[in-house]
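For reference, the structure is listed below as structure tokens.
The values are calculated or read from the model by the stated rules, or taken from the named source; none is laboratory data. Keep in mind that this is a model prediction, so the values were computed, not measured. Note that each Cβ is placed from the backbone with ideal geometry, even for glycine, and that neighbours are counted across all protein chains shown.
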Amino acid sequence: MDAERLAEKLIATRRSLDRLAALAPDEIPASAAEGYAVQDAILRRLAIPIAGWKVGATSPTAEPQAGPILADRLKPSPARFAMPANAFRTVEGEVAFTLGRDLPTHSQGYSEDEVWAAMAALHVGIEVLESSFIDRRKISEYAVFGDLLNNGAYCYGAAVKDWRGLDVATPEASIAIDGKEVRRAKAGTPGGHPKRLLTWLANHAAARGLPLKAGMIITTGSHTGMLDAPPGATVTARLEGIGEATLQCA
């Protein structure tokens, strides 16, 4: 698998949104490491700063997955993202954090307590998912890693600084589209408590030579599941006791 060649292909596909049905056998990453190598190659080619990260897992014990959020895809609420007519506009309501200090490479690795203490603020977030593939569910998960873990855009709400007594694991979450509530949930994320996910990410990013920096926004998985928003719709995510965020998918 040629990470550089696949990175070029995925960049071109994201720009055109002429999505791929599949990859050739020699284009498919065979491991997480190869998938992240494609991410790294995309980052080098685009040369856009990393403004945040997304991290999640399929269960509370599964190995987490991570993808960068580039500076041109991150906006505070209320946000407006201009998207091509054939964009997916798939949205999720999430819990995100602002990192309060740098977490450079640490020879011993970071503990949960160290990483948790480094989080300065809490936010409600909305992720807009995008993909280089017609059906990402039929694509190798490691190829999805290379495709920036499906991140298309991210919007974050007002900072909640006095958050440590709040329920960040299973807050009641809802999504409204054009003012009408379409989803409500209180199960948390598949990956479990954000503390575990954030700690894994801090060590993972440092090991890749991309250590987390103060001011980054880090989102920790969907609390609402995925919903498709129509073109021009205004999407609002609310987390009970925390706040809300709003974006328009133009």
>> Only one of 105, 170 is at pLDDT 95 or above and in a loop (DSSP other than H, G, I, E, B). Can you tell me which?
In response: 170
> Applying the selection to the range 34-49, what residues are buried (at least 17 other Cβ atoms within 10 Å of the Cβ) and out of contact with any Lys or Arg (no Cβ under 8 Å at 6 or more places or on another chain)?
Replying inline: 34, 35, 37, 38, 39, 41, 42, 43
>> Need pairs with beta-carbon distance below 7 Å; first residue more than 24 Å from residue 231 (Cβ to Cβ) and within the range 172-191, second among the hydrophobic types (A, V, I, L, M, F, W, C) and not in a strand (DSSP E or B); sequence gap 6+ or separate chains.
In response: 188/169; 190/57; 191/57; 191/197
>> For the range 25-42, which positions are farther than 9 Å from residue 3 by Cα and either in contact with a Ser or Thr (Cβ under 9 Å, 6 or more places away or on another chain) or without any contact (Cβ under 8 Å) to a residue 40 or more places away in the chain (or both)?
In response: 25, 26, 28, 30, 33
>> I'd like to verify a number: residues in the range 120-154 that are assigned to a strand (DSSP E or B), surrounded by 23 or more Cβ atoms within 10 Å (Cβ to Cβ) and in contact with a Gly (Cβ under 9 Å, 6 or more places away or on another chain), how many?
In response: 8
> Can you tell me which of 67, 35, 93 is at pLDDT 95 or above and touching a Pro at 6+ places or on another chain (Cβ under 8 Å)?
Replying inline: 35
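With the requirement that a residue be among the β-branched types (Val, Ile, Thr), outside any loop (DSSP other than H, G, I, E, B) and touching a strand residue (DSSP E or B) at 6+ places or on another chain (Cβ under 8 Å), what does the range 188-235 give you?
217, 218, 219, 220, 234, 235
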>> Here is a check on your reading of the model: is residue 31 within 23 Å of residue 127 (Cβ to Cβ) and either buried (at least 19 other Cβ atoms within 10 Å of the Cβ) or of a type outside the set (Phe, Trp, Tyr) (or both)?
In response: no
> Of the residues 61, 13, which is of a type in the set (Val, Ile, Thr) and either under 26 Å from residue 240 (Cβ atoms) or part of a loop (DSSP other than H, G, I, E, B) (or both)?
Replying inline: 61
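Yes/no matrix, rows are residues, columns are (1) touching a His at 6+ places or on another chain (Cβ under 9 Å); (2) of a type in the set (Val, Ile, Thr):
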site	(1), (2)
117	no, no
157	yes, no
169	yes, no
175	no, yes
178	no, no
192	no, no
199	no, yes
205	no, no
209	no, no
